[in-house]
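Bear in mind that the values in this text are calculations on the coordinates, not laboratory data. Here the structure is a predicted model, which is why all the values come from computation and not from measurement. Glycine gets a Cβ as well: all are built from the backbone with ideal geometry, and neighbour counts include every protein chain shown.
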Amino acid sequence: MTIPRFHVIALSFVWCMASMLSGSLLYAENKVLGELQFEGATSVERGSGVWVDGQYLGYLKELKGSKTVLLLPGEHEIVVRQAGYKDFSQRVTLQPGDKRLLQVTLQKDPRLQMPAVTAEIKLSVDPDRAAVFVDGMFAGHAGELGGVGEGLLVAPGRRKITISLPGYRSFETEVDLAPNQKFEIKTKLVRAAVSQE
């Protein structure tokens, strides 16, 4: 069966109009949202986790391009965390179409005391941009805690490990570590289902 030339031309025209209309709608939508950009002075800041309004988004240096942070106009609380450093916290108010650059600087936390004896947890997580928490405290993102010669040093004893990333179900486990023990956690996070309700 052949399609008449007129129908092909008409379908092409409809396709072009739909593409132009959807493009202009996306552009109009982006004019409503505000954009938040991050800049970190050192690798410490660039590898730190970013939370917006209590929701973990990823680590600082990856939040650009397809992972650009677009927010509704209004006030938002931004928190940047890195193990061993004081949290960077700032409130920002965005207007429609605003682009805001946030300069992030972290200060070492003098209260942090590394235990004299430690155990090591090596992580292999997919996706490796997920946030890792030990006993509820942010420890870093999985990619920086599982490479060659890298691992997570913790005090021996019972530890609760949580690995989470937006759009995925959190992984939780408890481990009981002996002094100088090396332990490996391997997991692939499962995408969270969108509620049908």
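Here are some notes:
- Filtering segment 161-183 to residues that are in contact (Cβ under 8 Å) with a residue 40 or more places away in the chain, of a type in the set (Ser, Thr, Tyr) and out of contact with any Pro (no Cβ under 8 Å at 6 or more places or on another chain) leaves only 164.
Residues checked against (1) loosely packed, with under 13 Cβ neighbours inside 10 Å; (2) part of a strand (DSSP E or B):
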position: 120; (1), (2): no, yes
position: 148; (1), (2): yes, no
position: 159; (1), (2): no, yes
position: 174; (1), (2): yes, yes
position: 186; (1), (2): yes, yes
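- As a summary of the residue check, residue 106 satisfies the conditions (1) touching a helix residue (DSSP H, G or I) at 6+ places or on another chain (Cβ under 8 Å); (2) part of a strand (DSSP E or B); (3) closer than 17 Å to residue 45 by Cβ except for the one numbered (2).
- Residue within segment 55-67 that is closer than 26 Å to residue 174 by Cα, polar (S, T, N, Q) and free of Cβ contacts under 8 Å to residues at least 40 places away in the same chain present: no
- Residue count, segment 48-62 (criterion: in contact with a Leu (Cβ under 9 Å, 6 or more places away or on another chain) and polar (S, T, N, Q)): 1
- Any hit, segment 50-73, residues being farther than 16 Å from residue 129 by Cβ and part of a strand (DSSP E or B): yes
- Candidate set from segment 126-145 (those that are surrounded by fewer than 18 Cβ atoms within 10 Å (Cβ to Cβ) and closer than 17 Å to residue 87 by Cβ); member that is farthest from the chain's Cα centre (by Cα): 135
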